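Let me begin by presenting the structure, written as structure tokens, before commenting on it.
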Amino acid sequence: MSQTPPSDGSRRNAKGRERNRGQRGPGRGPDGGQRRQYSQKAPSQRSRRADPARTVAFRVLRAVSRDDAYANLVLPAELRRASLDRRDAGFATELTYGALRAQGTYDSILSHCVDRGLDQLDAPILDALRLGVHQLLAMRVTTHAAVNETVGLVRAEIGAGPSGFVNAVLRRVSEKSMDQWVEEISDSEETGSDAALALRHAHPAWVVRALRQSLKLYGRSEDLEELLAADNASPEIHLVDLPGVGQARLPSALEAGAVASELVEGAAVFRGGDVGRLPGVPEGELRVQDIGSQWIARALAGAWTPETTDPDVAGEHWLDLCAGPGGKAALLAALAAEHGATLLANEPTAHRAELVSKALAPVAAESWTVRTGDGRSISETGESFDRILIDAPCTGLGALRRRPEARWRRKPADLAELTVLQEELLDAGVGVLSPGGVLAYVTCSPHLAETLVQVEDTLRRHPELQLLDAHEAMASAALPSGAETMFAASADGQDDSISAKLVQLWPDAHGTDAMFFALLHKPAS
């Protein structure tokens, strides 16, 4: 017998049962009390299981927020454990990185949809809400699917209790588009201000200010939004073929869909598939490494000094002072082995020193050694070095596209500790630099306090040093098109100033991480 709804407008059916009592949700009713939020589905129709791809994303977010884990390390393991097909793995990856990347903006939106401070929400619930908001505002997922699947995720991973609350909040979020939310929240901000750009492009305002200052130094003031957008783009996978190690593996990668780099030799860009299945990757002969890092390692290995015109480096002793986890060290060791030089790779922590040893393993053992010790005590070895790489610990603002959670972890206060460490490492490196040698100071950050200011201060403390033009070393290590690209986005018209001799790479201009490179020389006499 058919059932007819009651005429009094209640939610009870003909048998007097209430179909869905709902949950207390955000917002106020006409009487000033909390209004009830009702699901569009009967209890029997609601999702009681979590979609596997969304479950992967949720578990990665939990590891990041609970354990300070890095998403790029946790996600691959979760994908393998879930045995997702390529399509679902792609969905999980975009959902994970997208929710982490825009976390600050999504939290601003959520704060307008929740009647309490976000700090009062249980962390798992907040992570689930961030995943739901990303689906609603930045992915091609229908409102119904985004809300229902997130509620199902909450029921399966957290419990039934908060599911009504999550349902109500996400429905409020769905009432506006991303542009409408940003416009509403930033209504009081001046268009183009750091605060407005921070909200729209999901960067902390202090990071936006730092990037603006750095771009201004290099004559690129008008490119701030392009740089912020590049930080939010899905990163490509860059490959490096270790020279002289085993058989060349890059041709096989190119056959599998990789595209040869136009910037430097031996590099390629891979945009699809499981990179771990490419020939040479399991053996360590072909590996993942940002092309900017490759470029700088090659530039140091081939750098000439004012006193020499002979590129022969046979017999030289090289140092990677901050070698972990071993990417640049492996390339430097391979280049050293190829030309008769040797490398000492230094790493302060034992477990990372093991990673360095594994990274160097494919290279001839007589060409390298690994030291476990504080780089600031490198003089204790009693050795001196002809070429030194100091890839110093830094804020990592140049790799935000690869580490989406980093932008929300770092604080301006971190600079105080990091810049002191960078200064001490530079002093230690200068102390063991052989007369006639060159020292490369490198950071994966464009922040002026970690780049230009450090170089200026080092030159003041060590007046015996000369600052070489790093562009020349980069150009000599580049393919012809790479040299053209580099100079097109370099310091503009700065004559003989210090900044004119520094190299700053950019994601939007070079397609690399925002690597900084300075080259210091100790004259032989």
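The values are calculated or read from the model by the stated rules, or taken from the named source; none is laboratory data. Keep in mind that this is a model prediction, so the values were computed, not measured. We place every Cβ from the backbone using ideal geometry, glycine too, and count neighbours over all the protein chains shown.
Data overview
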{"read-out": "Index of the failed condition, Ala77 passing every other in (1) among the hydrophobic types (A, V, I, L, M, F, W, C); (2) without any contact (Cβ under 8 Å) to a residue 24 or more places away in the chain; (3) buried (at least 18 other Cβ atoms within 10 Å of the Cβ)", "value": "(3)"}
{"read-out": "Residues of segment 259-297 classified as of a type in the set (Val, Ile, Thr) and under 13 Å from Gly511 (Cα atoms), total", "value": "3"}
{"read-out": "The listed residue being modelled with pLDDT under 95 and in a loop (DSSP other than H, G, I, E, B), out of Arg116, Arg80, Arg87", "value": "Arg116"}
{"read-out": "Looking only at segment 203-229, and only at residues there that are in contact with a Lys or Arg (Cβ under 7 Å, 6 or more places away or on another chain) and part of a helix (DSSP H, G or I), the one that is surrounded by the most Cβ atoms within 10 Å (Cβ to Cβ)", "value": "Val207"}
{"read-out": "Selected residue (criterion: surrounded by the fewest Cβ atoms within 10 Å (Cβ to Cβ)) from residues of segment 431-467 that are within 32 Å of the chain's Cα centre (by Cα) and polar (S, T, N, Q)", "value": "Thr458"}
{"read-out": "Selected residue [under 23 Å from Leu439 (Cα atoms), touching a residue at least 60 places away in the same chain (Cβ under 8 Å) and either surrounded by 22 or more Cβ atoms within 10 Å (Cβ to Cβ) or touching a strand residue (DSSP E or B) at 6+ places or on another chain (Cβ under 9 Å) (or both)] from Ile390, Ile378", "value": "Ile390"}
{"read-out": "Residues within segment 203-230 that are at pLDDT below 95 and either within 15 Å of Pro507 (Cβ to Cβ) or assigned by TED's automatic domain parsing to the domain that holds Lys411 (or both), tallied", "value": "2"}
{"read-out": "Tabulated pairs, segment 263-281, first farther than 11 Å from Glu236 by Cβ, second among the acidic types (Asp, Glu) and crowded, with 17+ Cβ neighbours inside 10 Å, C-beta under 7 angstrom, 6+ apart or interchain", "value": "Gly266/Asp241"}
{"read-out": "Every residue from segment 90-113 that is assigned to a loop (DSSP other than H, G, I, E, B) and either among the hydroxyl-bearing types (Ser, Thr, Tyr) or out of contact with any strand residue (DSSP E or B) (no Cβ under 8 Å at 6 or more places or on another chain) (or both)", "value": "Ala102, His112"}
{"read-out": "Sole exception among (1) over 26 Å from Leu400 (Cβ atoms); (2) modelled with pLDDT of 95 or more; (3) touching a Leu at 6+ places or on another chain (Cβ under 6 Å); (4) of a type outside the set (S, T, N, Q) for Asp320, by number", "value": "(1)"}
{"read-out": "Residue count for segment 82-106, restricted to those that are closer than 14 Å to Gly132 by Cα and of a type in the set (Asp, Glu)", "value": "1"}
{"read-out": "Selection count where residues are surrounded by 19 or more Cβ atoms within 10 Å (Cβ to Cβ), among the aliphatic types (A, V, I, L, M) and part of a loop (DSSP other than H, G, I, E, B), scope segment 495-524", "value": "4"}
{"read-out": "Single unsatisfied condition, His317 versus (1) touching a helix residue (DSSP H, G or I) at 6+ places or on another chain (Cβ under 8 Å); (2) closer than 17 Å to Ala428 by Cβ", "value": "(1)"}
{"read-out": "Unique match (being farther than 30 Å from Pro204 by Cβ, assigned to a strand (DSSP E or B) and hydrophobic (A, V, I, L, M, F, W, C)) among Val264, Val240", "value": "Val240"}
{"read-out": "Every residue from segment 325-350 that is outside any strand (DSSP E or B), at negative phi and crowded, with 21+ Cβ neighbours inside 10 Å", "value": "Gly327, Lys328, Ala329, Ala330, Leu331, Leu332, Ala333, Ala334, Leu335, Ala336, Ala337, Ala341"}
{"read-out": "Residue check for Leu319: assigned to a helix (DSSP H, G or I) and either of a type in the set (D, E, K, R) or over 20 Å from Ala69 (Cα atoms) (or both)", "value": "no"}
{"read-out": "Test: residue in segment 381-390 that is at pLDDT 95 or above, closer than 16 Å to Cys444 by Cα and not in a helix (DSSP H, G or I)", "value": "yes"}
{"read-out": "Residue among Ala146, Ala168, Ala138, Ala128 that alone is touching a His at 6+ places or on another chain (Cβ under 9 Å), small (Gly, Ala, Ser) and modelled with pLDDT of 95 or more", "value": "Ala146"}
{"read-out": "Residue among Glu484, Glu423, Glu464, Glu450 that alone is free of Cβ contacts under 8 Å to residues at least 60 places away in the same chain and under 26 Å from Glu347 (Cα atoms)", "value": "Glu423"}
{"read-out": "Scan of segment 300-324 for residues that are surrounded by fewer than 22 Cβ atoms within 10 Å (Cβ to Cβ) and among the charged types (D, E, K, R), ordered by number", "value": "Glu307, Asp310, Asp312, Glu316"}
